[in-house]
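A.B. asks: Below are the structure tokens for one structure; questions will follow.
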Amino acid sequence: MPKTQQTNVRCIIDGKDISVAAGTTILQAAKKTGIPVPTLCHHPDLPVSGSCRLCLVEIEGRDGLFASCTTPVEDGMVIRTASESISRARKINLELLFAQHTEECKDCVLQPNCTLLSLAREYKVPIARFQDRKKDYPVYQFGPSIQFDSRKCIDCGNCIAVCKKQGVGFLETKKHKTWHETMPSADKDKDCVYCGQCIVHCPVGAFEAVGEFEDVEQCLSDKSKTVVFQFAPSIRSSIGEEFGLPSGSIITEQLVGAIKALGVPYVFDTSVGADVTTIEEAGELVERLESGERLPMFTSCCPAWVRYVELHHPKYIPNLTTVRSPHIILGSIIKQFWASEQKLKPQDITVVSVMPCTSKKYEITREELFHGALKPVDYVLTTRELAFLLHKKRIDISKVKKQHSDNPLGIPSGAGVIYGASGGVMESALRTAYERITGKKLAKLDFTDVRGQKGIKRARVRINKKTVNVAVVNGLGNIHIIFDELAKNPHAYDYIEVMSCPGGCIGGGGQPIPTNQKIREQRAQSLYDIDYATSVRTAHENPFVQTLYAKFLSEHASELCYTTFSPSKKDKPKIIL
Ligand code: SF4
Ligand code: SF4
Ligand code: SF4
Ligand code: FES
């Protein structure tokens, strides 16, 4: 077979002649051509581990079977992805995997999208043929956010790889005499920040968020309580995936309709809280730029990032913006402003936040955010938990009657919606800070340099005669790059956004599984589409938020919108089973 170009190689897969760049794996080449190859441990976000041995293929002229995810295409290769011996080997490997995996399918996070289970059906694997080797392994809980059921773990290493990529390294493999065990680190300097990336990268549902939906169901049946839901900016473009809709489908009104179908009387939009966060944060930024103090200012609406700073880099605590995150601010507004308008007692209101995030479950337990005994938010449901609840009640979000969020806390600006994408918090604050400093309207509202999926995004923004240097850290594992730059030049930046999850909250640990860069791009693009289509695109011009300030917030912002941070210590994981 002749070479096409120096950098390309040609091969034949299942009779199809294919040309791919040198270095492409057989799996990538097959996918590119639409030839399905089963995979379990392979995740496009992570280095290849080649541990599950389900992606086996045959190569003509070579003995044995090859893992297609680890084998690069060579010029002239003839590859088969299906044969009797491939099926037999995949079936045996599946049985071995099931011997390590204690099935609890009914309550599993991956239901109904479990690859392991669907492969078992496809290859007719009797999943209970081997005794569950790990049935006595522990179930761990990390803080109020994460559970790790090591009885289900097949030791693929994905969680270890992603936790390391996050710059945390809390998970590791312990070597026993004849086997390995995945477990939390005993190192006193390492602790979980609750980002949940291990959950969305585990192929067998061994990680999950601590569930709160049963408590929420109980509140919904308690007639003495008024249950109020709010939903984060990113949920509107992600939850559809749990109901078979394409990634990035915008279903804001169906989401509200579905929540109301659960029996929830009031549904508000956290993006309105984001508008308030923006106004306060832009104000704090302007003050710090004028005084030159506590610069660069870091965003603080990502609790996993805040925990990382408090645990490992307390010297940067003064640099965090003291403004509370959007759902905490909205929770306080619901209980302290909306409640009195409705003639309700704050203690009779239960606020449930639907979040893309597992670390928000931790955030709501931070006592600095309480007003006496009153918590701004009572429960956090992840996107997956809400979908689970809707499925349980047979509510199909794709078919439900559309409804609008309730007023006055239901209509955000476009700036409040883009909070869900990496760079969105920064862009919203810059739109408002620019107008606050110059007194002029921005000619162009889009700060496209801070958008997108790059790990670090940098921009220089001219405001009057000053240049404001900004950076966006997309994924916690990239923060060391900025810390290194700041060590060399503490004045390198004025304002830095840090979101722990890849892509920002659209790629959060509570979001639908699977996730990958393409899916994250589609979810993010939808938020920008909403922004473009919204008539009010800056937080401070949102008329509902202006009224809120006039009626209530101008007087109460200092007690409702600000918080404190302090150095934190490792929280030992608990064994709960
Ligand atoms: S939640 Fe994040 S920090 Fe904690 S173990 Fe998982 S990946 Fe690591
Ligand atoms: S917990 Fe999941 S991701 Fe981690 S090693 Fe086990 S199977 Fe792999
Ligand atoms: S990036 Fe968003 S989803 Fe991820 S931990 Fe931070 S706040 Fe949560
Ligand atoms: S997907 Fe290739 S070895 Fe697991």
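The values are calculated or read from the model by the stated rules, or taken from the named source; none is laboratory data. Small disclaimer: the values here were computed from a predicted structure and weren't measured. A quick note on method: Cβ atoms are made from the backbone with ideal geometry, for glycine too, and the neighbour counts reach across all protein chains shown. Just so you know, the surface numbers come from the protein's heavy atoms only, side chains and all, with ligands and any DNA or RNA stripped out. Shrake-Rupley method; radii C 1.70, N 1.55, O 1.52, S 1.80 Å.
A.B. asks: How high is the FRET efficiency from E287 to K444, r the C-beta distance, R0 30 Å, rounded to 0.05?
C.D. replies: With a Förster radius of 30 Å, E is 0.75.
A.B. asks: Once phi is turned into ³J(HN,Hα) by the Karplus curve 6.51 cos²θ - 1.76 cosθ + 1.60 with θ = phi - 60°, what whole-Hz value does each residue of segment 99-104 show in order, with x for glycine and proline?
C.D. replies: Values, residue by residue: 5, 8, 10, 6, 6, 9 Hz.
A.B. asks: Can you pull the accessible area of C505 for me, 1.4 Å probe, Å² to the nearest 10?
C.D. replies: Around 40 Å² of this residue is reachable by solvent.
A.B. asks: Describe numerically, in nm with one decimal, the distance between label points set 7 Å from Cα along Cα→Cβ at H176 and at E253.
C.D. replies: 5.7
A.B. asks: Hey, can you find the accessible area per residue of the chain for me, probe 1.4 Å, expressed in square angstrom?
C.D. replies: On a per-residue basis, 42 Å².
A.B. asks: Oh, and also: Kindly give Rg over Rh for the chain, based on alpha-carbon atoms, with the Kirkwood expression for the hydrodynamic radius.
C.D. replies: Value, to two decimals: 0.99.
A.B. asks: What distance in nm separates the simple spin-label points at K570 and D14, each placed 7 Å from Cα in the Cβ direction?
C.D. replies: Placing both labels 7 Å beyond Cα along the Cβ direction yields 4.8 nm.
A.B. asks: Taking 8 Å as the Cα distance limit and 6 or more residues as the minimum spacing, I'd like the relative contact order of the chain as a percentage.
C.D. replies: Dividing the mean separation by the residue count of the chain yields 16 percent.
A.B. asks: Among the aspartates and glutamates, which have Cα under 14 Å from the Cα of K402 when same-chain residues fewer than 8 positions away are ignored?
C.D. replies: E253
A.B. asks: Note the full-extension length gain between A533 and E555 as 0.36 nm times their separation in residues minus their Cα-Cα distance, in nm to one decimal.
C.D. replies: My answer for the length gained is 4.7 nm.
A.B. asks: Right, here's the next one. Among all the lysines, which ones have a C-alpha under 21 Å from K444's C-alpha, if same-chain residues fewer than 8 places away are not counted?
C.D. replies: Leaving aside lysines fewer than 8 places away in the same chain, those within reach of K444 are K457, K465, K466.
A.B. asks: So, how do all the Cα-to-Cα distances of segment 282-392 break down into 10 Å bins, in percent, from 0 on up?
C.D. replies: P(r) over segment 282-392, rounded to whole percents: 13, 35, 33, 16, 3, 0.
A.B. asks: Another question, if that's okay. Starting at the first residue of segment 237-249, write each ³J(HN,Hα) from the Karplus equation 6.51 cos²θ - 1.76 cosθ + 1.60 with θ = phi - 60°, in whole Hz, x for Gly and Pro.
C.D. replies: 10, 10, 5, x, 4, 5, 10, x, 7, x, 4, x, 4
A.B. asks: Now for a different question. On the accessible surface of the chain, probed at 1.4 Å, how many percent belong to carbon and sulfur atoms?
C.D. replies: With neighbouring chains kept in place, the figure for the chain is 51 percent.
A.B. asks: For K16, give me every one of the aspartates and glutamates with a C-alpha distance below 17 angstrom, ignoring sequence neighbours fewer than eight places off in its own chain.
C.D. replies: The reachable aspartates and glutamates, counting only those whose Cα sits under 17 Å from K16, are E58, E60, E74, D75.
A.B. asks: Put H101, H404 in order of accessible area, largest first, 1.4 Å probe: what do you get?
C.D. replies: Descending order: H404, H101.
A.B. asks: Can you compute the FRET efficiency between K343 and R462 using 1/(1 + (r/R0)^6), with r the Cβ-Cβ distance and R0 = 56 Å? Round to the nearest 0.05.
C.D. replies: The pair K343/R462 has a calculated efficiency of 0.70.
A.B. asks: Sticking with this structure for a sec: Could you order F213, F337, F388 so the one with the most accessible surface comes first? Probe is 1.4 Å.
C.D. replies: Per-residue accessible area, sorted high to low, gives F388, F213, F337.
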